[in-house]
1. Give the number of residues within region 85-123 that are in a loop (DSSP other than H, G, I, E, B), in contact with a Leu (Cβ under 6 Å, 6 or more places away or on another chain) and surrounded by fewer than 16 Cβ atoms within 10 Å (Cβ to Cβ).
2. What residue, of Ala256, Ala201, Ala240, Ala188, is closer than 27 Å to Pro112 by Cα, open to solvent by less than 40 Å² (accessible area, probe 1.4 Å) and at pLDDT below 90?
3. Quickly run through region 59-81 and pick out the residues that are of a type in the set (A, V, I, L, M), within 20 Å of Gly138 (Cα to Cα) and outside any loop (DSSP other than H, G, I, E, B).
4. Output yes when any residue across region 364-376 is within 21 Å of Ala290 (Cα to Cα) and of a type in the set (A, V, I, L, M, F, W, C), and no when none is.
5. Of all residues being in a strand (DSSP E or B), without any contact (Cβ under 8 Å) to a residue 12 or more places away in the chain and of a type in the set (A, V, I, L, M, F, W, C) in region 1-45, which is nearest to Ala260 (Cα to Cα)? Just the residue, please.
6. Among the residues of region 42-54, is there at least one that is more than 25 Å from Val348 (Cα to Cα) and surrounded by fewer than 18 Cβ atoms within 10 Å (Cβ to Cβ)?
7. For region 346-391, how many residues are part of a loop (DSSP other than H, G, I, E, B) and open to solvent by 40 Å² or more (accessible area, probe 1.4 Å)?
8. Looking at region 157-166, is at least one residue more than 23 Å from the chain's Cα centre (by Cα), under 30 Å from Ala34 (Cβ atoms) and of a type outside the set (Val, Ile, Thr)?
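The values are calculated or read from the model by the stated rules, or taken from the named source; none is laboratory data. Every value quoted in this text rests on a predicted model; they were computed, and no experiment measured them. Virtual Cβ from ideal backbone geometry, glycine too; neighbours counted across all protein chains shown. Please note that ligands, DNA and RNA were not included when accessible areas were found on the heavy atoms of the full protein model with its side chains. Shrake-Rupley method; radii C 1.70, N 1.55, O 1.52, S 1.80 Å.
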Amino acid sequence: MRITVVGDVLLDVDINGAATRLSPDAPVPVVDVADVRRRAGGAGLVATVLAQDGHEVALVTAVSDDDGASHLRRALAGVSVLAGVPLAPTPTKTRVRIGTHPMVRFDEGCAPAPVPSSTDEMLAAIATADAIVVADYGRGITANTDIRAALSEAAHRVPVVWDPHPAGSQPVEGVAVVTPNLAEALAAAKAGGLEPSRTGAEEAGRYLLDKWGSAAVLVTRGEDGALLFSAGDPAQGIPAPKTNVSDPCGAGDRLAGSLAVHLGLGLDLAQAATRAVEDASAFLAAGGAAALAVVSEAPPADNAPEPKPVVEPRPVVELKGLELVDAGDLHPDGVQLAHAVRARGGTVVATGGCFDLLHAGHARTLAAARSMGDCLIVCLNSDESVRRLKGAHRPIVSVEDRAELLLALECVDAVVVFGEDTPEACLTQIQPDIWVKGGDYTPEELPEARLVAGWGGRCVTVPFHPARSTSGLAAALAKVS
């Protein structure tokens, strides 16, 4: 599907580290920086996620020519960026975190910007799209009169989903859905003269439906899901799946992009909205926007050759809380590694199993799998999952130790623990290019084959090694004891 994203791009920077002491200069923590990660924000985040989903994505935006823009373009690999003449510096939001705890945020270049120009290529991308997402972050791209005219015309032909901003432009009439969050909806209702203390989400949604002239308004409410409003129909509540969320950043962007895709595929409004809420929840469960960040290097010099795909440093697995119960508890390091390697043009390989009593057969299979790509992610059954599959006497080795032993192997780059009986949900989050399993059957016979093929991946099998099995080792140990 050809999707055009229209909107403002930001550069999001995460500085991650640990703090074990106070500064001698002032009673503030000293942060020992572990890494600096940069990602495209705003409309850039929408475009990045859609491109990683396999869609053909064009981004109609304004990009500066400063150092921040160099980082942005690297983060937007795989997206066709169509931009006018730069008129303002790259807006950059830098967050400092100690572990998972945010400490401070610095904003640079975020002052109001002039309305950027447009080009014939930008307008053509709007005119030829199968679906359009407008990600308005209040920096002027949606105020460009030519772009607004192109969006108005496109709204008669294809679904246009408009994610508004308090400082942005009013959506053009006739778009399929406008997606304010609850705070934005209430603030807009207050600005329209409604009494905020008496205005609930439903009254605000009805007001905005009339004010904006859209076919529908979807008011998002975080963990409470969303409320869908359309002319002549009662408000429809859409629940959100229960998800453990440490950072909600990017949920609205994921929802808007998914909503446009599902509408473009022909789903009706209620079905598309339900799927979009589910997609946003799954996105957050997999680490959210932070999982898309790439460990940064200096921007390449002009005319310098593009670097070859490089595997990120092996992620350090946090060994606390690995008794997981569902795919919502996927450890984000493996997902993050997959996104980073794929963004650099590399091949992501995954394999899975219990890996109880690691033996030579495991080592050979893992080494063979790693040789097929640029990183190897192991999907590891949790202790509860192993017990259900193998019996109450298993596992012999705890999940913490199994994960640590696997990561000690040079061929293993990350471990993701899952609590279900099968790895399908885990695979859906990682979406490896190659899924490797040991066995004497054909790849097409693997139960995961159809799932992996859904995102363009392929399955590969490597032979079992006779006389080398965990069950055999366990039986031998039982006799010795």
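1. Residues of region 85-123 that are in a loop (DSSP other than H, G, I, E, B), as a first pass: 85-91, 99-100, 109-119.
Next, only the ones that are in contact with a Leu (Cβ under 6 Å, 6 or more places away or on another chain) stay: 90-91, 114, 116.
Checking the rest, the ones that are also surrounded by fewer than 16 Cβ atoms within 10 Å (Cβ to Cβ) come to 114.
Final tally of qualifying residues: 1.
2. On the way: Ala256 fails: at pLDDT below 90; Ala201 fails: closer than 27 Å to Pro112 by Cα; Ala240 fails: closer than 27 Å to Pro112 by Cα.
Answer to the check: Ala188.
3. Just the residues of region 59-81 that are of a type in the set (A, V, I, L, M), to begin with: 59-60, 62-63, 69, 72, 75-77, 79, 81.
Checking which are within 20 Å of Gly138 (Cα to Cα) leaves us with 59-60, 62-63, 69, 72, 81.
Passing the criteria: Leu59, Val60, Ala62, Ala69, Leu72, Val81.
4. So far as region 364-376 goes, yes, one or more of its residues are within 21 Å of Ala290 (Cα to Cα) and of a type in the set (A, V, I, L, M, F, W, C).
5. The qualifying residue nearest to Ala260 (Cα to Cα) is Val30.
6. Scanning region 42-54, I find no residue that is more than 25 Å from Val348 (Cα to Cα) and surrounded by fewer than 18 Cβ atoms within 10 Å (Cβ to Cβ), so the answer is no.
7. Keep residues of region 346-391 that are part of a loop (DSSP other than H, G, I, E, B), which gives 346-347, 354-359, 371-374, 382, 391.
Next cut, open to solvent by 40 Å² or more (accessible area, probe 1.4 Å) only: 347, 358, 371-372, 374.
Here the count works out to 5.
8. Just the residues of region 157-166 that are more than 23 Å from the chain's Cα centre (by Cα), to begin with: 157-158, 166.
Imposing the further condition that a residue be under 30 Å from Ala34 (Cβ atoms) reduces the set to none.
No, region 157-166 contains no residue that is more than 23 Å from the chain's Cα centre (by Cα), under 30 Å from Ala34 (Cβ atoms) and of a type outside the set (Val, Ile, Thr).
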